[in-house]
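Read-outs throughout are calculated quantities, based only on the coordinates presented, and are distinct from any laboratory measurement. The structure presented is a predicted model; accordingly, all values stated were derived computationally and were not measured. Cβ placement follows ideal geometry from the backbone for every residue including glycine, while neighbour counts extend to all protein chains displayed.
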Amino acid sequence: MNLGVAFEPLISLPLLAGAAILAALVAALLLFSRSRGALTRAIALALALIALANPSLTREDRDPLTSVVAVVLDRSASQRFGDRAEATNKAAETLKERLSAIRNLEVRIVEGGTDSEGDGTKLFSALSATLADVPPERVAGVIMITDGRVHDVPLPQHLGFDAPVHALITGRDNERDRRVALTSTPRFGIVGQRQTIGFRVLDEGIPNGARVNVTVRRDGTVVANTVVTAGREERVQVEIAHAGANIVEIEASPLDGELTLLNNRAALTIDGVREKLRVLLVSGEPHSGERTWRNLLKSDANVDLVHFTILRPPEKQDGTPIHELSLIAFPTRELFQQKIREFHLIIFDRYAQQGVLPLIYFDNIVEYVRSGGAMLIAAGPDYAGRNSVWRTPLEAILPATPTGNITETAYRPGLTDEGKRHPVTRALPGSETTPPQWSRFFRLIDAQTSNGTALMNGPGNQPLLVLSRHGDGRVALLLSDHIWLWARGYEGGGPHLDLLRRLSHWLMKEPELEEERLVMTARGSEIVVERRTMNETAEPVTVTRPSGGTQTLNLTRAEPGIFHASIKAEELGLWRATDGKLTALINLGPLNPREFLEVTSTRDVMLPLATGTGGGVLRLADLSGGAPRIAQIRSAERYAGPDWLGIKMRDASVVRGLGLFPLFAGLSGLLILMAGIAAAWTREGR
Amino acid sequence: MPGTPRPPREVLARIDAYMKQGGTILFDTRDALAITNPRSGEVSPATATLRDILSSLDLPELETVPRDHVLTKSFYILREFPGRFTSGTLWVETLPANDEEQADRPARAGDGVTPILITSNDLAGAWAISSDGQPMLPLTPGEPRQREFAFRVGVNIVMYVLTGNYKADQVHVPALLERLGQ
């Protein structure tokens with residue numbers, strides 16, 4: 001409770017001043033002339049003046065407010081190394097005890113750095129959240145218990161309150177850690193070419209210059225091993241193996257006694273981009289399906305098409321002068337001898353051995369396929385005939401033997417059991433229903449599968465589409481030339497675009513279309529592990545978390561050829577899955593989280609702010625008892641010492657009530673005035 | 001033929017669908033002689049009938065075969081498209097104008113194949129032979145090799161509808177092959 005006196009003059013201030021001067025003059029005159037009762041008369045005048053000034057007694061009821069101190073605990077991932085977490089908990093316990101003992105002090109404990117975005121430790125956002133309802137003049141101070149790696153330290157003038165910010169640093173002075181920092185990270189690379197990645201191995205806590213073994217992995221398989229010097233910029237070349245995401249990891253060998261192995265590994269994703277695919281299309285004769293092939297291949301901006309049609313085979317020379325013909329020579333030697341390896345795919349469309357290609361070139365094609373090329377035969381009646389390409393050295397790699405018959409009835413192509421599982425034909429649009437929703441074909445070249453897998457079949461379970469592998473290469477055989485009916489919308493058409501696109505991509509080894517595949521995808525808060533296989537069952541998959549723990553998942557069948565399992569994705573970083581043969585990688589969040597870039601504990605990050613606010617930065621390890629003493633300070637320049645931290649106690653209070661008692665009002669004022677005048681009069685009259 | 005009744009609506013719808021899905025129809029009014037002065041804008045009765053039939057179809061803009069059209073080189077090199085007559089012209093879908101990039105291309109490649117061909121030279125009349133291999137109809141004016149060229153026109157049209165713009169692309173092949181292996 002506060003008492004006071006307040007004046008509220010009854011007349012305006014200049015008038016009151018004038019009256020006071022007049023009264024003072026009169027009093028001075030009276031005193032000077034030594035007239036009788038001068039003193040009492042002056043007193044009476046003064047009382048009259050005071051009455052005019054209308055004094056009143058005031059009374060304030062005030063409640064003091066508590067000061068607030070915030071204790072922020074760093075719970076980020078880097079605080080889990082060594083005994084940091086333990087030291088943090090112990091210090092927090094002791095601090096809580098010591099602070100609670102102080103009267104008029106409210107202690108707020110908050111955990112920070114727990115957000116899952118992985119963009120570093122953000123203790124100050126946690127702090128402003130917890131102090132959001134506290135006016136700045138009640139903040140008594142902030143104590144942060146952290147490893148010092150805080151990524152959102154503001155300037156002192158942007159803090160928003162005037163109180164000391166202290167930091168208690170976990171960990172030790174002489175910590176050491178090794179990490180890999182990426183200096184040049186290409187984002188794209190052309191498939192089949194090499195990309196250069198720049199990196200640096202950084203040792204903290206020991207001098208640079210150590211020799212470090214570095215392992216480079218692409219999609220989980222080791223592609224390079226080198227020895228580099230710590231601290232020096234190094235480069236490594238990695239081949240971009242396939243289109244889509246190539247995840248490259250660079251891992252440095254561990255340092256003795258280092259804090260964590262997590263940052264010895266840096267990862268980056270390089271998007272593989274295919275250069276233009278070069279396709280050689282050889283049409284044996286003009287026919288309706290030829291335009292379908294052309295349109296399909298030409299509509300793909302990624303394809304450079306080299307197309308030759310045998311418009312006039314050699315045996316049809318009729319003596320027409322050459323200048324009246326618009327014919328172009330078929331550069332067989334150039335195509336099949338000199339430049340055959342430049343093609344990604346060779347398509348023979350209704351091609352028969354017409355004396356155009358010498359047999360030696362077929363040997364070249366077989367060699368080309370075995371060493372990694374791709375060939376597609378779109379067979380027509382020619383395949384069953386005397387001049388069939390099957391009767392050339394190509395026979396060695398053709399997956400089906402023609403019987404010599406041709407079935408010419410209307411039939412609806414169907415998927416075989418393998419076809420329902422194979423990525424080329426799985427879930428082909430229209431195949432959901434029985435019979436499938438696509439138009440009929442009217443011709444099938446009868447053949448027997450010799451060493452391939454039939455994905456589609458025709459009447460009597462005869463193969464229609466057969467795939468096979470030879471060495472590193474692939475061969476596909478389509479045993480009907482009627483797919484153009486699908487393209488022309490006959491009976492509603494069919495999924496020719498999908499089928500032929502997938503087929504050509506499978507032939508060119510697009511990873512998307514591999515039969516045996518392990519894939520991880522992030523779906524909401526889960527990671528879905530998907531195994532695509534041609535088998536009836538799928539092996540269990542071992543999943544390795546970013547932090548190193550493993551877990552085995554059993555996969556359940558979702559649809560033909562696809563098995564699923566999912567796992568909660570509660571950690572950010574690089575997840576891997578393997579079933580022993582196949583591996584899959586997925587990265588959640590940023591590839592190289594800030595949190596793990598620098599992990600050695602430090603005082604330096606917090607020091608400027610602490611000094612700017614008068615606070616201190618102390619190492620927990622230097623303090624006896626694992627926590628500092630707490631001092632209550634009203635006002636000072638420095639709020640910290642070698643083993644103590646100061647709390648700025650605030651005098652904030654809130655007014656609850658206000659009382660007012662006028663002194664010269666009413667009867668009491670009249671009585672006092674009357675008494676004064678009466679006394680003066682009595683004195684004068686004596 | 002003049003006075004041929006217009007086909008019923010469903011037939012026209014089917015013709016339309018056929019042309020939209022890549023089919024090509026050759027119309028031959030066989031009346032090139034009926035117009036004495038082709039530049040007069042005069043319309044023969046058969047042409048008028050054809051116009052009437054086609055008026056209900058959604059047809060592209062037509063032009064006479066340009067000199068660099070694929071039809072002129074899909075198998076034989078042709079400058080004219082004679083049949084039993086030679087004075088008629090062959091109309092095809094207008095191809096987009098050459099832009100500068102393609103200016104050096106000897107043959108123009110539209111996106112697709114023209115869905116409609118119109119002539120008045122009576123091609124089939126020139127092709128017709130009796131069972132003993134003799135031509136059935138006389139030619140007008142009867143230039144040397146006119147019948148041979150009429151057959152060549154037929155071959156080129158068939159090659160054109162089967163191979164599309166194949167011939168137009170062939171001019172790029174040497175350059176494409178040159179680039180390979182570099």
Legend entry - For the stretch A:673-683, 3J(HN,Hα) per residue [Karplus equation, 6.51 cos²θ - 1.76 cosθ + 1.60, θ = phi - 60°, Hz, x = Gly/Pro]: 4, 4, 4, x, 5, 4, 4, 4, 5, 4, 4
Inset, instruction - Run down the lysines and flag those whose C-alpha is under 28 Å from the C-alpha of A:LYS568, throwing out any fewer than 8 positions away in its chain. - result: A:LYS122, A:LYS581
Legend entry - Selected from A:TRP681, A:VAL212, A:VAL306, residue furthest toward positive end of dipole (the protein assembly as shown; charges at beta carbon): A:TRP681
Inset, instruction - Could you work out how far apart the two model spin labels at A:THR320 and B:ARG9 are, taking each label as a point 7 Å from the Cα in the direction of the beta carbon, and quote it in nm? - result: 4.6
Legend entry - B:VAL155-A:ALA631 pseudo-label distance in nm [points 7 Å out on the Cα-to-Cβ vector]: 11.0
Legend entry - Fraction of the pair-distance distribution of the stretch A:337-382 above 13 Å, Cα-Cα pairs, percent: 59
Inset, instruction - Give the Kirkwood hydrodynamic radius (Å, one decimal) of the protein assembly as shown, defined as one over the mean of 1/r across all pairs of different Cα atoms. - result: 36.9
Inset, instruction - Take peptide A:283-289, look around each residue's Cβ out to 10 angstrom, count Cβ atoms belonging to other protein chains, and average those counts. - result: 3
Inset, instruction - Excluding residues fewer than 8 places away in the same chain, name every one of the aspartates and glutamates whose C-alpha is closer than 18 Å to that of A:LYS316. - result: A:GLU285, A:GLU324, A:ASP382, B:GLU148
Inset, instruction - Go through A:LYS339/B:LYS167; A:LYS276/A:LYS509; A:LYS298/B:LYS167; A:LYS276/A:LYS298; A:LYS96/A:LYS648 and tell me which ones have a Cα-Cα distance over 20 Å in this structure. - result: A:LYS339/B:LYS167
Legend entry - Label-point separation, A:VAL223 to A:SER525 (7 Å along Cα→Cβ), nm: 3.6
Legend entry - Inter-chain Cβ neighbour average for residues A:189-198, partner chain, 10 Å: 0
Inset, instruction - May I ask you to derive the FRET efficiency for A:ASN451 and A:THR269 from their Cβ-Cβ distance with R0 = 30 Å, giving the value to the nearest 0.05? - result: 0.20
Inset, instruction - Would you kindly state how much longer the chain becomes between A:ASP300 and A:THR409 on full extension, computed as 0.36 nm times their sequence separation minus their alpha carbon distance, in nm to one decimal? - result: 35.9 nm
Inset, instruction - Under a cut-off of 12 Å between alpha-carbon atoms, report the aspartates and glutamates in cross-link reach of B:LYS20, not counting same-chain residues fewer than 8 places apart. - result: B:ASP58
Legend entry - Per residue Cα convex hull volume in Å³ - calculated over the stretch A:104-248: 168
